[in-house]
Each structure stands twice: as structure tokens, then as C-alpha cells.
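Asker: Before anything else, here's the structure in question.
Readers should treat all values here as calculations from the given coordinates under stated rules, not as data from a laboratory. What you see is a predicted model; the values in this text were computed from it and never measured. Note that we place each Cβ from the backbone using ideal geometry, even for glycine, and neighbour counts take in every protein chain shown.
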Amino acid sequence: MMTRAVLVLVLLATSVHAAPVLEACPAEIRRASDTLGQIFRQWPLRATGDPIDSALQAVASQLAERAGESTHRRWRTHVVRDSKLNAFSIGDGHIFVTEGMLRFVTSEDELAALLAHEFGHHIAGHFCQTNEPSGFFSHLFGRGEAPEEQRQVGELSASIDSTKEREADRIGVIILKRGGYNPRAAILLAARMAASGTPAHFQYGQRIEALRKLMTGVPHTAWVTNDSAPFTRLQDALRAEVGSS
Ligand SMILES: [Zn+2]
């Protein structure tokens, strides 16, 4: 209870754009359910219980547990069978990560940074807001008529506003600190994605600059979180598949 109260205070102090919404609102749950149905019908996802899918779910649950974020929401991860680098959320705790992204992260800290950012979008209440432009998710499903195009993972980045991205980054850093992960991994991941030519969530330069400002008091010394059992399981499952294909 105490830690949650502290988080709310921290969020209120750091967020001028929206009050934190710890639980999903009814409109969010409804929209997420509709979007989820559409994604399940149109996208190539890993089945629930698949080794990579279940290991990612375990990593996310552990992050939520360590950061004290496991009681107010059920976090559910989904793995998209796509080699592009992408991760996004649709509300009500649903987070999508592409296989390309899972292979791209080099440490548990980086994966935690990615997931914590997505937690941040939820906690900031971004999916509760009703003023989303219509078709907010339409780009996720591709505009083409051909089935191949519809199955493509769309470019979520272009239509997301930078204010929300920065807010998700701010909350993500708080979550990383509370969970005992190295928050500087968020900067490292953003820098590596920028260098890889991945389309930006928003301008990487500004994003990295804003992230740097959140690192007050975080040491520069090497700090790598020891790989947890779920993360090791995820790495093994990813490697096993490369080996067998
Ligand atoms: Zn984002």
C-alpha cells in the first residue's frame, strides 16, 4: 500500500499531462478487447504456452512483481512473429513485442526498459483517454487490401505523440529503479535502435536527451542486472529456434 502511494505521488510530481490511472477504465477494456480480437484474427502471433511466449510473460510478470506493479493490472505479453523491431501496447495490460525486438535486446535490463515503457503508457492512462484520433490502431493493420499487407505489423510509431512517449519513458524509468534494474538501459536501447535505423517512436535525439535528465543519481558505473531464470529461459528458447531452423 505504502509503495503504491509513493508511486502515485512520484507520478503526480513528474507528470503534468495526465494523472496516473492504475487500473484500466471500462472504455479501455472495451477497446482493447476489440483490438485484441482483430489482432488475433489478422496477425501471426506465437501461441500461448509456446516457450518464447511463456518466457516473455514470465519476464514481464517478474518485472511487475519487483517494481510493485503486479496488483492493479494483469500484464499480458504477446509475441508477434515478425523480424522488425517493434513493441507497443493496446491497453488493459496487453503488450506486443516482435521476435525481432526480442532478439535485438542484449540484456535483461534492456528488455525490462522496453516493457517498463509499455507499462508506463498503461499507468499514465493513455488508453483511457477518449480523444484518440479515429483510426488510432488502423495503421497497425496495414492499409493494403492484400492479405500479406494486412498481416504486416504496421508502423505504430508515426502516429504516437511525443508527449505520451516522454511520459511513458518517465514512468518507465521509475519502474526500472523500483524494480532494481539499471535505468540507463533505456538510453542504451533507444540509442541502439536509433543506430539501427528503426523508425522512431519520436525523435531519438530528443528522447535520449529527456531520458538522460531522468538519470539523476543513477551511477555511470557498469551495472548489469543478473539474468533471472525467466530471462535465461527466454534467451535459451530464442537460441534453440535459431539452432533448429
Ligand atoms: Zn511508446
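Asker: Measuring from a point 7 Å past the Cα of residue 50 along Cα-to-C-beta, which residues in the range 101-121 have an amide N at less than 18 Å?
Answerer: Inside the label zone: 101-105.
Asker: If you don't mind, there's one more thing I want to ask. Highest mean first, how do 117-128, 55-66 rank when packing is the count of other Cβ atoms within 10 Å averaged over residues?
Answerer: 117-128, 55-66
Asker: Find how many whole Å separate the alpha carbon centroid of the range 28-103 from the alpha carbon centroid of the range 167-245.
Answerer: 17
Asker: Under 21 Å between alpha carbons, and skipping anything fewer than 8 positions from residue 177 in its own chain: which lysines qualify?
Answerer: 164, 213
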